[in-house]
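Before any comments, here is the structure.
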Amino acid sequence: MPRLAIVSTAALLMASTLANAAEPIALRDMGSFHVGGRLVEITGKPVKEVTFTLGGVPAKVDPNGTYQVEQMYVQYFLPANEKGAYPLLMWHGGGLTGVTWETTPDGREGFLNYFLRKGWSVYNSDAVERGRAGWAQYPDIFKGEPVFLTTANPFQRFRIGDGPDSYDPDPAKRKLMPGSQFPNDGYENFVKQNVPRWTTTDDAIVAAYIAEIDRVGPSIIMFHSQAGSFGFKVAQARPDKVKALIALEPAGVGDPDKADVLKNIPTLIVYGDYIEKDSRWPKIRATGIAFGDKIKAAGGSVDVVDLPQAGIKGNSHMMMMDKNNAEVAALIQKWLEGKGLTK
């Protein structure tokens with residue numbers, strides 16, 4: 001009898017847990033592919049002898065020859081009940097990968113899951129030089145050297161910490177922006193996502209993103225930070241295939257002289273909190289607003305949302321990871337619905 005009671009109690013607890021859990025995500029398909037890139041010939045390098053495995057037999061490696069480089073990795077998730085009129089492409093920022101859109105550093109659902117649950121087909125990428133896209137030799141192919149970030153750098157630069165010297169290895173001693181929504185307890189997991197980045201590969205990245213949209217077809221692009229210039233430039237290169245642009249704190253813009261090319265593409269630009277307290281972001285925001293104004297002057301539709309003015313406060317540069325990321329995502333979803341981009 002006691003044993004039956006234990007089993008019964010466990011079953012009730014499990015049922016309760018499942019009832020409170022989010023509904024399972026039903027997919028009709030998922031997968032991945034690489035796209036873009038080019039072949040490069042390297043010559044004049046000395047042959048090396050390499051031991052690939054500790055205690056193994058050395059092998060001669062000739063670095064001269066043809067290399068496949070500058071490709072991009074894309075993973076896609078197609079919902080069983082599709083409600084988005086077009087696929088949603090998610091493009092991450094500098095020094096990051098597609099992990100940006102996945103599970104948050106403190107273990108909550110990210111934008112990828114949110115929009116899948118809303119019925120969007122989501123294509124999440126690792127851009128050229130990042131993650132599963134792979135690297136290439138430098139300076140032979142990637143010119144210059146990669147940029148690496150210290151643990152403290154994003155904390156201070158992404159408006160998580162309140163000014164210089166706000167980071168401390170001890171989470172309890174960090175100086176967060178007042179009312180910050182960034183999950184401080186997950187910050188170590190966030191910096192584990194950081195990858196090296198180059199400042200000389202923009203053309204290759206744009207080419208790979210163009211190849212992605214050529215393969216996927218008409219799409220909506222959601223892009224963040226460094227990908228600001230990529231999103232706008234790709235839309236200028238393929239205006240017939242880009243059905244909407246969602247720019248989350250774009251750090252760059254497209255060609256201002258070709259702003260009129262975007263006049264038929266509805267655009268949403270979103271900025272987080274604390275911008276006026278930062279040394280760089282007021283100017284970056286002004287550049288984005290000026291570019292949006294050029295699109296509007298050409299007859300285009302551009303909506304700019306400053307989250308604090310919309311009643312959503314405390315957001316860092318990484319708004320898709322903040323504790324209120326579902327509120328930000330809901331604002332974007334509402335905008336997409338208002339533009340008639342859902343079925």
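No value in this document is a laboratory result; all are computed from the given coordinates. The model shown is predicted, which means the values in this text are computed figures rather than measured ones. As a convention, Cβ positions derive from the backbone with ideal geometry for all residues, glycine included, and neighbour counts pool all protein chains shown.
Charge dipole of the chain (Cα centre as origin; +1 on each Lys and Arg Cβ, -1 on each Asp and Glu Cβ, all else neutral): 460 debye, rounded to the nearest 20. The HN-Hα couplings worked out from phi for the range 96-112 by the Karplus form 6.51 cos²θ - 1.76 cosθ + 1.60 (θ = phi - 60°) are 10, 9, x, 4, 3, 9, 8, 4, 5, x, 9, x, 8, 5, x, 4, 4 Hz, whole numbers, x standing for Gly and Pro. Modelled spin labels at Thr51 and Leu39, positioned 7 Å past Cα toward Cβ, are 3.6 nm from each other. The string of couplings for the range 186-196 from the Karplus curve (6.51, -1.76, 1.60, θ = phi - 60°) is x, 4, 4, 5, 5, 5, 5, 7, 5, 10, x Hz, one whole number per residue in order, with x for Gly and Pro. Potential lengthening of the chain between Ser32 and Ser166 amounts to 44.3 nm, from the contour at 0.36 nm per residue minus the alpha-carbon distance.
Per-peptide packing, taken as the mean over residues of other Cβ atoms within 10 Å, places 277-283, 323-329, 213-219, 123-129 in the sequence 123-129, 323-329, 213-219, 277-283 from highest down. Normalised size of the chain, defined as Cα radius of gyration per 2.2 N^0.38 Å with N residues, equals 1.11. Normalised by 2.2 N^0.38 Å, where N is the number of residues, the C-alpha radius of gyration of the range 207-278 stands at 1.11. Its convex hull of Cα atoms gives the range 70-148 a direction-averaged projected area, equal to a quarter of the hull surface, of 6.1 nm².
At 20 °C and 1.002 mPa s, what whole-number value in µm²/s does Stokes-Einstein give for the translational diffusion of the range 158-316, with Rh from the Kirkwood sum over Cα pairs? After rounding, the answer is 126 µm²/s.
Most fluctuating residue of Leu88, Leu176, Leu39 in a GNM of the chain with Cα springs under 10 Å: which is it? Largest GNM mean-square fluctuation: Leu39.
Straight-line reach from Lys48: taking Cα to Cα under 18 Å and skipping same-chain neighbours fewer than 8 places apart, the aspartates and glutamates in range are Asp62, Asp140. Of all DSSP-defined beta bridges confined to the chain, some 55% are antiparallel rather than parallel. Can you list the residues, at least 5 places off or on another chain, whose amide H is less than 5 Å from the amide H of Leu89, using H built in the peptide plane? Amide H neighbours of Leu89: Tyr123, Ile220, Ile221, Met222.
Counting only residues at least eight positions apart within a chain, or on another chain, the lysines with an alpha carbon under 21 Å from that of Lys143 are Lys45. Mind checking which of Gln226, Ala211, Leu341 is farthest towards the positive end of the range 194-343's charge dipole, using Cβ charges of +1 (Lys, Arg) and -1 (Asp, Glu) about the Cα centre? Of the listed residues, the answer is Leu341. The mean sequence distance of close C-alpha pairs (under 8 Å, at least 6 residues apart), as a share of the length of the range 217-343, puts its relative contact order at 21 percent.
Hey, can you rank 147-153, 224-230, 168-174 by average C-beta count inside 10 Å, highest first? It would help to have the intermediate numbers written out before the result.
Details: 147-153: 13.7, 224-230: 24.0, 168-174: 10.6.
Final packing ranking: 224-230, 147-153, 168-174.
Packing around the peptides 103-113, 232-242, taken as the average count of other Cβ atoms within 10 Å per residue, puts them in this order, highest first: 232-242, 103-113.
Between the C-alpha center of the range 104-169 and that of the range 23-101 there is a gap of 16 Å.
Take the Cβ atoms of Lys173 and Thr103, set R0 to 30 Å, and the FRET efficiency comes out at 0.70.
Converting phi to 3J(HN,Hα) with the Karplus coefficients 6.51, -1.76 and 1.60 and the offset θ = phi - 60°, the range 170-183 yields 8, x, 6, 9, 6, 9, 7, 4, x, x, 4, 9, 5, x Hz in sequence order, with x at every glycine or proline.
What is the P(r) of the range 91-240, as percent of Cα-Cα pairs per 10 Å bin from 0? For the range 91-240, the pair-distance distribution reads 10, 35, 34, 19, 3, 0.
For Leu27, the residues whose modelled amide H falls within less than 5 Å of its own, excluding neighbours fewer than 5 places apart on the same chain, are Ala80.
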